Amino acid sequence: MLSTEVCIIGTGPAGAMAALRLAKDNIPFLIVDRDEFPREKICGDALSGKVPHIIRRLSPELLERFEEKCSPMNSFGIRFIAPGDHVFDVPFIEHYDAAIHPVPGYTVRRELLDAFMAEEVKNLAGDHLLTACAVNTVERVDDGFMLDTTAGKIRAKLLIDASGTTASFPVPYDKPGPSAKKTALAVRAYYRGVTDMHDQNFIELYFLEDILPGYFWIFPLPDGLVNVGIGIRKDIVLKKKINLSAVMDEIIRSHPLVAPRFRDAELMGKPAAGKLPLGNPKFRISGDRYMLAGDVAHLVDPLTGEGVGNALYSGFIAAEQAIECFDSHLFGDKFMNAYDKRIKRVLGKEMSISGNFQRMLKYPQMVKWIAKKADGNKHIPGLMSSMFTDLDHRKKLLNPFFIIRVLLNR
Ligand SMILES: Cc1cc2nc3c(=O)[nH]c(=O)nc-3n(C[C@H](O)[C@H](O)[C@H](O)COP(=O)(O)OP(=O)(O)OC[C@H]3O[C@@H](n4cnc5c(N)ncnc54)[C@H](O)[C@@H]3O)c2cc1C
């Protein structure tokens, strides 16, 4: 049997970040993953500015190594396509200047990012990273948890569960429930030879009338690869009996802004499906001697589907909470609540605004009207850019009076 202070389940972005942060403070840990790295992870492969921000916060050298080893592509904005095929190009940062502004966002294959993070953990923690080690059960014992894994038993004083959405082992604590309204289903595929990609690597989000409040995406990747996909809330998929792959194929075959660009494109491998657990701030994500981080804590942005940045943030915060626990010898439910509070403070406002936007998108006629009015309005790109950097501006866009004033002030 292995014994440790902290056991982390999962070496995705949340678990790996937790391990790297713990290593910085020399807290003993074991981190396990059922997979070996590199391994495929179904994802859109788009990383917001939060990713470089939190990696740099852990260590500027780590960010340099990531850029050197993974060669991510810098992405400078989003092309929104609204119902009625109105196109809005919105830079992440207006008048971007590399000398003064941080990297706005990246695209990179998850296979590379996750393998890089696992490698960094291995370099720091050596044998404390156990890959090809699947957790079968987690049981509560005196002073912690006992894990039964394919590599034997592990006893830990504190547990960070960062096992994502595909884990199925029984646990003695509550996880956020799988409510269909708080889950999105998505399919992604890789293509080569898609033409007319944006010259500043903007990612493209198509909010098409039939799939609102979901969207179809086209994300450019390094080396001419393109990640294409569609994601829709699960309750809507079930209610309307939507076949996501079929809808994606139909858009690629016949949408006037999409089809001509795929005329000579080649599908690489098979499309794959996955789940996105959308932000659910009402649920407790910690308790007596445990914390949930990343997808298992339902931390995906309900509007954009961004989960990697939030997974990294939560792993970082979980590790800092663990450090506090060992400093103060406090592990109880009440003390652990500080983790929930910090997650809410750092990510809660953004997720709640995104949730409100997502609910607003359920009304296609209204979205269509706004898009029509906004098309050609010179204030819109700047206003939308400010949304990325200023949460209060984002909140303002939920105010109908503010929207009408902007739309009428051409
Ligand atoms: C189709 C799709 C597109 C997406 N697109 C984007 C995007 O473009 N940008 C973005 O930011 N986010 C995107 N996301 C969300 C993003 O992929 C997740 O939010 C992110 O991977 C969460 O990281 P995590 O560390 O919590 O979980 P994961 O990355 O899932 O890692 C969990 C780890 O736990 C391990 N594990 C599971 N069970 C066990 C077990 N029993 N024993 C041991 N180990 C176990 C797994 O092997 C895995 O390595 C997308 C998701 C989907 C499905």
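The values are calculated or read from the model by the stated rules, or taken from the named source; none is laboratory data. Only a predicted model underlies this, so the values are computations on that prediction, with no experimental measurement involved. We place every Cβ from the backbone using ideal geometry, glycine too, and count neighbours over all the protein chains shown. Areas reflect the complete protein model, heavy atoms only, side chains present, ligands, DNA and RNA absent. Shrake-Rupley method; radii C 1.70, N 1.55, O 1.52, S 1.80 Å.
For segment 133-147, a tally of residues being open to solvent by 50 Å² or more (accessible area, probe 1.4 Å) and assigned to a strand (DSSP E or B) returns 3.
Listed conditions (1) away from the ligand (no atom under 12 Å from the Cβ); (2) touching an Asp or Glu at 6+ places or on another chain (Cβ under 8 Å); (3) assigned to a helix (DSSP H, G or I) are all met by residue 324, apart from (2).
Within segment 158-206, track down each residue that is assigned to a loop (DSSP other than H, G, I, E, B), closer than 30 Å to residue 264 by Cα and not aromatic (Phe, Trp, Tyr). Residues satisfying the conditions are 193, 194, 195, 196, 197, 198, 199, 200, 201.
Give 159, 130 a once-over and let me know the one that is at negative phi, open to solvent by 20 Å² or more (accessible area, probe 1.4 Å), of a type in the set (A, V, I, L, M) and in contact (Cβ under 8 Å) with a residue 24 or more places away in the chain.
When all the criteria are applied, what remains is 130.
Restricting attention to segment 347-366, the residues that are farther than 21 Å from residue 296 by Cβ and either of a type in the set (D, E, K, R) or open to solvent by 20 Å² or more (accessible area, probe 1.4 Å) (or both) add up to 11.
The residue that is nearest to residue 107 (Cα to Cα), counting only those in segment 293-346 that are open to solvent by 30 Å² or more (accessible area, probe 1.4 Å) and of a type in the set (A, V, I, L, M), is 303.
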